[in-house]
Each structure stands twice: as C-alpha cells, then as structure tokens.
Amino acid sequence: QVQLVESGGGLAQAGGSLTLSCAMSGVIYALNTMGWYRQAAGKKREFLAFITAGGAANYADSLKGRFAISRDIAKNTAYLRMNSLKPEDTAVYYCQADLLLAMSDRREYWGQGTQVTVSS
C-alpha cells in the first residue's frame, strides 16, 4: 500500500531554517508529482509547492522565495527547505503525492503531517 511519511518538523527560531522530508513507499504504476501543503490553526489548507517527475518545481506566491522543494529519486523522498522562517510559518506540514496505481487509476495520497513551530 502507498504510504507517505513526513519528518524533520520541530522547533525553530525566527529567521532560521528547517528541512522537511517526505518518504514514499508502496507499489505504484507511476508518480506524477509530489507536493507540500500546510495548515495553521484556524486556517484552511495552504498549497506550498510541488515537483514533477521531471524535477520541475512550482511554488505558491505566498512563499516569497523562502522555500525550496527538491526530490531524491533513488530514495523516493521529497524535501522542503524552509529559510527565513517566521512565526506565521507555524503549522502542520503535509506531504502529498499525485500518482497512478494503474494506467487509468489516478490517486492522491497524503502523509500524517509534521508540526513546525517557529518562535519569535
């Protein structure tokens, strides 16, 4: 079964950096994209970034160039490098995968989330 597991969350100081990891496991037909989202307390889920199978990255305007998504194909892992952290970055960060279980069976999977807390 497909599973996504986030790691790397925790406490950080304002202005600091943090890198999140998302490890994917399971049998799939093909992987389309992997992405990162976050949800702060009392707010809706927010799209952050996704990366295609070819390595092309797409970012939300709200990031203002502070975050970078990458992927290690050999390790089936996606990363989110977060720089210049702000208290408002505090949220649960979720990894997402858009994939095919079969040629015509497109699915979306989510990790359990990892908490990021930025102190002021």
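The values are calculated or read from the model by the stated rules, or taken from the named source; none is laboratory data. Bear in mind the structure is a predicted one, so any value in this text is a computation, not a measurement. As a convention, Cβ positions derive from the backbone with ideal geometry for all residues, glycine included, and neighbour counts pool all protein chains shown. Ligands, DNA and RNA are stripped out before the accessible areas are found, and what is left, the full protein with its side chains, is counted by its heavy atoms. Shrake-Rupley method; radii C 1.70, N 1.55, O 1.52, S 1.80 Å.
Shown for the chain: lysine pairs separated by 8 or more places, or found on different chains, whose C-alpha atoms are under 28 Å apart, numbering 5.
Length gained on full extension, residue 19 to residue 81, computed as 0.36 nm times the residue gap minus the Cα-Cα distance: 21.9 nm.
Accessible surface for the chain, divided over its residues, is 54 Å² per residue with a 1.4 Å probe.
How much of the accessible area of the chain, in percent, comes from carbon and sulfur atoms when a 1.4 Å probe is used? Ligands and nucleic acids excluded, carbon and sulfur reach 49 percent.
Note on the range 1-113: Cα-Cα pairs beyond 17 Å make up 52% of the total pair count. Extension gain for the segment residue 11 to residue 45, taken as residue separation times 0.36 nm less the Cα-Cα distance, is 10.2 nm to one decimal. Within the shell defined by Cβ-Cβ distances under 11 Å, the residues around residue 118 carry a net charge of -1, with Lys and Arg each +1 and Asp and Glu each -1.
Dimensions of the range 32-79 along the principal axes, based on C-alpha atoms and rounded to the nearest Å, stand at 37, 19, 17, largest first.
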